[in-house]
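Everything on this sheet refers to the single structure shown next.
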Amino acid sequence: MNEVLFLKGEDVTVTADGVTLGGIVSVTCGETTEWEIYGEILTDIPAARYGKTVYTVTLTMNAQPYGSLGLSPESVLLEYGDTQVLYTACRVEKIQCEILPANTVSYVVTLASEERSESRE
């Protein structure tokens, strides 16, 4: 698994469908393989197995993501240093809310994407 971790929200700018997301604490990027198994008709005996790469982006935020993120952003852009990483055809896989001491709340949003492209300025 190829994974990159950003430790500070100031180090990375996250944009979803052209809107900059605020309150980013950290971003974790990775990739997984999803397998589809096709079986024979009537017997369900596995006949073929196909894998496809799915890119994941996990956003840890201290602001509610619901208003600006939506459930299926068309594109998510990460900008850090001189690098831009664009994820397209995204979908929200999971939203998790953690209530911490001192009345603070942390939101963890996991996005899945079918396409990823990277460019450097």
Determine the calculated [θ] at 222 nm for the chain from helices alone, applying -39500 (n - 2.57) to every DSSP H run no shorter than 4 residues and normalising by the residue count; nearest 500 deg cm²/dmol. -500 deg cm²/dmol
First check a/c for the stretch 26-120, with a ≥ b ≥ c the square roots of the eigenvalues of its C-alpha gyration tensor; if it is under 1.5, answer rounded, and if not, answer prolate when a/b is larger than b/c or oblate otherwise. oblate
At R0 = 30 Å the Cβ-Cβ FRET efficiency linking Gln84 and Trp35, nearest 0.05, sits at 0.50
Report the calculated FRET efficiency for Glu74 and Glu98 (r = Cβ-Cβ distance, R0 = 30 Å), to the nearest 0.05. 0.60
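Just so you know, all these numbers are worked out from the coordinates, no wet-lab data involved. What you are looking at is a predicted structure, and each value in this text was computed from that prediction instead of being measured. Glycine also receives a Cβ, built like all others from the backbone with ideal geometry; neighbour counts cover every protein chain displayed.
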